[in-house]
1. Select from segment 136-170 the residues that are buried (at least 23 other Cβ atoms within 10 Å of the Cβ), farther than 22 Å from Y235 by Cα and among the hydrophobic types (A, V, I, L, M, F, W, C) and list them in ascending order.
2. Of the residues S240, S179, S233, S212, which is small (G, A, S), out of contact with any helix residue (DSSP H, G or I) (no Cβ under 6 Å at 6 or more places or on another chain) and either over 15 Å from L47 (Cβ atoms) or modelled with pLDDT of 90 or more (or both)?
3. Residue check, K38 against (1) assigned to a helix (DSSP H, G or I); (2) modelled with pLDDT under 90, all met but one. Which one?
4. I need a count of the residues in segment 107-135 that are among the polar types (S, T, N, Q), crowded, with 16+ Cβ neighbours inside 10 Å and at pLDDT below 95.
5. In the set V6, V58, V12, V22, which member is of a type in the set (V, I, T), more than 29 Å from F174 (Cα to Cα) and either at pLDDT 90 or above or not in a helix (DSSP H, G or I) (or both)?
6. Does L189 meet the test of being over 13 Å from the mean Cα position of the chain (by Cα) and either over 23 Å from V95 (Cβ atoms) or surrounded by 24 or more Cβ atoms within 10 Å (Cβ to Cβ) (or both)?
7. Taking the options G150, G155, name whichever one is under 14 Å from S24 (Cβ atoms) and either assigned to a helix (DSSP H, G or I) or free of Cβ contacts under 8 Å to residues at least 24 places away in the same chain (or both).
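The values are calculated or read from the model by the stated rules, or taken from the named source; none is laboratory data. Nothing here was measured: the structure is a model prediction, and the numbers come from that model. Glycine also receives a Cβ, built like all others from the backbone with ideal geometry; neighbour counts cover every protein chain displayed.
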Amino acid sequence: MSPYWVLLFLGVLQGLTEFLPVSSSAHLAVFQHILGFKGDRIFFDVLLHFSTLLAVLVYFRKEIVRVFTDKRLLLMVVVASVPTGAIGLLLKDFVERLLYFPRLVALFLLITAFLVWMCDRLKGSQSLNDVGLKVPFIAGIFQGLAVIPGISRSGSTVFALLLCGLKREEAASFSFVISIPAVLGATFLELLKAPIAFKSAYIAPMVLAFLSGLLAIHLFVDFLKKRSFFVFSLYLVLFSLFVLVFG
């Protein structure tokens, strides 16, 4: 197993990058490569994603309660989950191989940079009550494609929802809510495959991923309300160039 400080660093990295539109899977793949991570990458990544899922459940608890008390909203979450699950299963083998090729991941980061840059140029005015089921279906497609390391889940789904006309704040909250069944499904499948791979050394990284995830959600929602996404787009371009040169 990798040194303990590497596990702790990756936990914080996952929490900070999961909700900011910079692709946590890309950052984990790149830094696991740089730091010489030893262990089951897929299983460890799933544990960290599960930790940040708990952050979503805590931060958006009111929105989640609303989903289960609003049949139409619950249907929208289900509709979004269908293409996400199908695409995720279809791309599973490709994604697992891609984790070991940082330069290819860097190319997908450039795609995310473009999507994030476009988010500032899309001005939606509709609420979830104003749109049909086509909108969550489209968001689900983008979320499914975000299993590819380098494609940010939050960045791509918010882009899709803004493109469909949703308000920025509603796009953010719905983006996080539809991540719940996706991450739960991925966690369940991975635990079925390796139910005894858990190590006590993973507990602290998971806690750090949860806490830093709460912070990242707050920052992301704040940016959606009143700030430009240009800083994220610029960061992604610079980070991808760094990986392409030194990866």
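1. The answer is A139, L161, L166.
2. After ruling out the rest, the residue left standing is S179.
3. Every listed condition holds for K38 apart from (1).
4. So the answer is 0.
5. V6
6. Values: over 13 Å from the mean Cα position of the chain (by Cα): yes; either over 23 Å from V95 (Cβ atoms) or surrounded by 24 or more Cβ atoms within 10 Å (Cβ to Cβ) (or both): no.
Against the criterion (over 13 Å from the mean Cα position of the chain (by Cα) and either over 23 Å from V95 (Cβ atoms) or surrounded by 24 or more Cβ atoms within 10 Å (Cβ to Cβ) (or both)), L189 does not qualify.
7. Exactly one of G150, G155 is under 14 Å from S24 (Cβ atoms) and either assigned to a helix (DSSP H, G or I) or free of Cβ contacts under 8 Å to residues at least 24 places away in the same chain (or both), namely G155.
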